[in-house]
Each structure stands twice: as C-alpha cells, then as structure tokens.
1. Within region 276-291, how many residues turn out to be touching a residue at least 12 places away in the same chain (Cβ under 8 Å) and open to solvent by less than 70 Å² (accessible area, probe 1.4 Å)?
2. Can you pull out the residues in region 325-338 that are of a type outside the set (D, E, K, R) and free of Cβ contacts under 8 Å to residues at least 60 places away in the same chain?
3. Here are His308, His328, His339: which of them is open to solvent by 10 Å² or more (accessible area, probe 1.4 Å), closer than 24 Å to Ile28 by Cα and not charged (D, E, K, R)?
4. Here are some residues: Gln38, Gln57. Which one is surrounded by fewer than 21 Cβ atoms within 10 Å (Cβ to Cβ) and under 24 Å from Ala216 (Cβ atoms)?
5. When you check Trp477 against the structure, is it touching a Pro at 6+ places or on another chain (Cβ under 9 Å) and open to solvent by less than 50 Å² (accessible area, probe 1.4 Å), yes or no?
6. Which pairs turn up if I take residues in region 480-504 that are farther than 25 Å from Asn399 by Cβ and look for partners that are buried (at least 17 other Cβ atoms within 10 Å of the Cβ) and of a type in the set (Phe, Trp, Tyr) with beta carbon separation below 7 Å, at least 6 apart in sequence or on another chain?
7. Return yes when Asp264 is without any contact (Cβ under 8 Å) to a residue 60 or more places away in the chain, not β-branched (Val, Ile, Thr) and not in a loop (DSSP other than H, G, I, E, B) and no when it is not.
8. Assigned to a helix (DSSP H, G or I) and not basic (Lys, Arg): does that describe Asp405?
Amino acid sequence: MRNKVFALAACLLLGSSAIAQPMSTEQIDQLVEKVRKQFDVPGAAVAITYKGKLVHQKGYGVDDIRDPQPVSTQTMFKIASDTKAFTTAALALLVQQGKVAWDAPVKEYLKDFQMYDPWVTERFTLVDLLTHRSGMGLGAGDLMLWPEPSGFSRQEVVHNLRYLPGDTSLFRADYAYDNLLYIVAGQVIEAVSGKSWEAFVEQELMAPLGMQHCIAGHVPEHLKEFEAIPHKDVEGELAVVIREQGSGPLVSAPAGGIRCSLADMTRWMQMWLDDEAELISAKQKSLMWSPYTIMGIGSTAREYDRTHFAAYGLGWRLHDYHGYLRVHHTGALAGMRAHLSLFPELDLGVMVMLNKGSSNAREAIMQTITRAFVAGKQDIDWVDHYWQKQQARAARTQNKRATIDASFDLASANLHVDDYKGAYQDNWFGQVTIASEQGRLRWRSSKMVKLTGTMLAVSPDRFYIDWDDNSMHADVWAVFDRNEQGQIVGMKMEPFEDIDWSFDFQDLSFKKLTP
C-alpha cells in the first residue's frame, strides 16, 4: 500500500485546509511568472506530486537568452548537489548486493585514502563520507573542483585529502558541508562495481526508472538541444555563464554533476515516495533518511517553518516543517539552482529548477508551494521576503567592494615588484605563478585555469586579486609572508566574507619556490 503513514495522517487531518486546499495550476503559474519577472530568471521548471498523483509539471520561460527556446518538461537542468542523493542511492544498491557495507572503513575499498590524521583515516567509514562530519572545514578542498574546468583528476582529489587541515575533536561531532568526500564515494563505487560512477548511475539507477533525459556524464549529441544554459547577473546585467568541462570526466560529478529534465526528476521523486518501489529497498530508504549529523537551524526555519530539529542523512537533509518530516536537498552551481523537497507523511514531492544562479528566486517558489500544501496558508509574501533578502546582501557586497583602495604605491614603501614574482606551491592545490604582464602583476593557477587575475596592491604585502572572469564573485586577498631578512617566503589567501564558501582560499598555504 502506498504511503501507509500518510493514510493515518489523512484520517487525523480530515477536513483540514492542509489537505483540502493546495495551490491550483493557475496560482502556481502566477507564482513562477512573478518570480521570473522579479528576479530576472530566464527559465524555470516546477513539478508537484501529491497523494500519488502528478498534479503539476511544467516548464516556464526560455533555456538560453542567446537563442531562446521554450523550457519544456524535457529540458535538462543541472541539479547540482541534488546529485548527492544519486551517489548515496548507488551505494545503497551495492549495499543491497552485499558488495559494500555502510560501516566499513573507506580504506577497505580505496587503499590510497588518507585523511589529515591516521586515527581518523582508520575509522573513516562510507557513512562518514556522506554526512559532512569529517572534522575538515566548510567546503574544504572545493578549489580542486570549481570553477570549472578543473585540472585535477578524481584520483588526485583522493590523494590530496591528506593535505587538507582537520580537527580530530570535530570528527563525527560537527557539521561542515563538503563536496570532496562525495568524489571519494564515487571512486568507491567505481572500485567495487568495475564501472565508472557515470556508467553505474546511468545504468543501475536512471535506466530502470526510465529517465531518458537524465545524464551523469557528458551530454550525448542527440540530447544537447535539450540543455538549459546557466545564467547569472554580471555587473547588473543578465549574462550566460560559460564553464568549459574539458574532454575527460567531470571531476565534481559525484557531488553535483547530473543534468536532468523535470519529467525525469518527477520519476525520481515518485520512486522515493512510493512504498512499493523496489529499486531501493525500504530498509535502505530508512537508513538514508535517518539523522546522522546534527545541523544548525536558521532564523527563517525556526520562525517561519516551525523547525525544531535539523540533521543530515545520507545525501539528504532532514527537518521538521510545520509538524511534518521534510526530506530535501538544494543544489547550486554557477548559473543554476535546484531544490527537491519530499514530505513522506503527506505523499508530497516538489521539484524546482532554474537556469539562473539565484537561490532567493528558487526559495521564493519552493516556500510558497510547500507552505500552501503543508500548512494550508500563506502568512507571508515569500517573493517579497526573498527579494528584500537579495537586495540587502547585494548592498552589503557593493559597500564592501567600494572600500577597496588599490592606489597603494609599492615604490613609496620601498617594496619591489620583482620580490613577489615567482612560483608558489601549496600541498593540495598545486602551483601558482606570479609574473609581470604589461606592467601588472598577474596571479595564475596551473591547475584551475579560471583562477587567473591581476593583483592590485592595497597595503604593504597585501593585494586584491581582480579575476579575469568577473562572473565568479570570488573576491580574495593575497597576503605575503617574509622572513627575518625581509625576503618573501610564502603567501596566504583571505576570502571576502560574503563569497561562496566553496572558494576555500583560507585553506591555502603557499611556499615560494623560485625568485
């Protein structure tokens, strides 16, 4: 029987507005178009399954502002970190087959796996890979993944984990979101199954569910016409975000690389909500939806969603939302946003995808829909709420950048440009070079080609890096270290406080190699 838990909930809530008065198709259309206009979103896709039925599935707007084609239910969006549930589901299949165990050490499957501490390494299990409790910092090592294209391989990511700082006292005790360990999980799948992560996910998960417009690897030629193109506001104008992938496998794919259509994500939602679905067993679903790592609760969730607990499962976030369990995850990549929410007790699933990098636009749609279906009321204008939130952050960012004074004169401080030039090495990030080009110092990563920019002096031994790609919003300072003789021996990086935490510049510690 489908959703036995819901049958009891329906009896208890008979006549309640939470069941009887969900949003109409017309109301959803009006909501999405309002958000698209307010936040300048080119395209969106929204699906809702409710009480075992598909009640809404529709595309809005266009897939690409350069060559606009209508978004349909077959248009493929990047789902970003909603990919993580596919990676954990792939491992669940291997658990069901008896090929891996959730509580087995990672080193049992990957001999090169090594963390910041030998004690942690020996005890680090598959569950630890998936639950953001490693003891490393927020977004540790993400600079090996983004901005694309990455020059690192997945094998290098696994090897370089040993160089990332961590705290043994925080192991299994503190929540700090990471992506790198999902790359490791993908390597476990490959080592055990003999298939690449991409092949395993496509053949063992997507194919059985009939997900024909859902891709884990490179998009084949016959599906390229269905791709939604990412967009972002760049200096006040809506622009296409260009991110080259390269010819090899996308290194970040097990953490956030899947492209999927709305129609196929609806199949994915229905599989999770269906008690009789056989692909992932009820036992494995229960384990994946169990709380492993306690998360903090934000003011919005506490005040507006009546949230009392928050935790991370295996590839899923878990909260209580107006008295019901919410199993969900968001996704964010440059120029793309996604959010999938499941309410198992209500047999409700909501999927929202955008081809613009606006989390506020995404949440305005998701919160309005879930509030209507779950709480049966709208006591706040979520579009206005998130618009005001976006405007406030934009103002803070603008004010902070306006304080940058790059008029500092090195010569007047008896500092020489040549002192800074040379090669610098970080254990996990690799080498960067600082060279003089057309009279300006240029910072260039050997592995991450997008991280190239001009260095602007703001004080002695402190520079602001003006990236060539101004769509990244990865503002950072370069701060140089000198020895007692006054020679530059190293360099550290200090990120702006309001940039995306995946730019983990704070974990870098460069040593100067050459004059």
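1. Quick first cut of region 276-291, residues touching a residue at least 12 places away in the same chain (Cβ under 8 Å) only: 276, 279-281, 284-285, 287-291.
The next check asks that each one be open to solvent by less than 70 Å² (accessible area, probe 1.4 Å); those that pass are 279-281, 284-285, 287-290.
So the count comes out to 9.
2. To start, the set of residues in region 325-338 that are of a type outside the set (D, E, K, R) comprises 325, 327-336, 338.
Correct list: Leu325, Val327, His328.
3. On the way: His308 fails: closer than 24 Å to Ile28 by Cα; His339 fails: open to solvent by 10 Å² or more (accessible area, probe 1.4 Å).
Of His308, His328, His339, the one residue that is open to solvent by 10 Å² or more (accessible area, probe 1.4 Å), closer than 24 Å to Ile28 by Cα and not charged (D, E, K, R) is His328.
4. On the way: Gln38 fails: under 24 Å from Ala216 (Cβ atoms).
Sole residue among the options that is surrounded by fewer than 21 Cβ atoms within 10 Å (Cβ to Cβ) and under 24 Å from Ala216 (Cβ atoms): Gln57.
5. Numbers: touching a Pro at 6+ places or on another chain (Cβ under 9 Å): yes; open to solvent by less than 50 Å² (accessible area, probe 1.4 Å): yes.
Taking the combined requirement at face value, the residue satisfies it.
6. Phe480/Tyr420; Ile488/Tyr420; Ile488/Phe480; Gly490/Phe510; Met491/Tyr424; Met491/Phe480; Met491/Phe510
7. Working: without any contact (Cβ under 8 Å) to a residue 60 or more places away in the chain: yes; not β-branched (Val, Ile, Thr): yes; not in a loop (DSSP other than H, G, I, E, B): yes.
Considered against the rule, which asks whether it is without any contact (Cβ under 8 Å) to a residue 60 or more places away in the chain, not β-branched (Val, Ile, Thr) and not in a loop (DSSP other than H, G, I, E, B), Asp264 comes out as yes.
8. Working: assigned to a helix (DSSP H, G or I): no; not basic (Lys, Arg): yes.
No: the conditions fail for Asp405.
The values are calculated or read from the model by the stated rules, or taken from the named source; none is laboratory data. This structure is a prediction, so every number in the text was calculated from the model and none was measured. Here Cβ is always computed from backbone atoms with ideal geometry, including for glycine, and neighbour counts include all displayed protein chains. When the accessible area is computed, the model is the full protein with side chains, heavy atoms only, and any ligands, DNA or RNA have been set aside. Shrake-Rupley method; radii C 1.70, N 1.55, O 1.52, S 1.80 Å.
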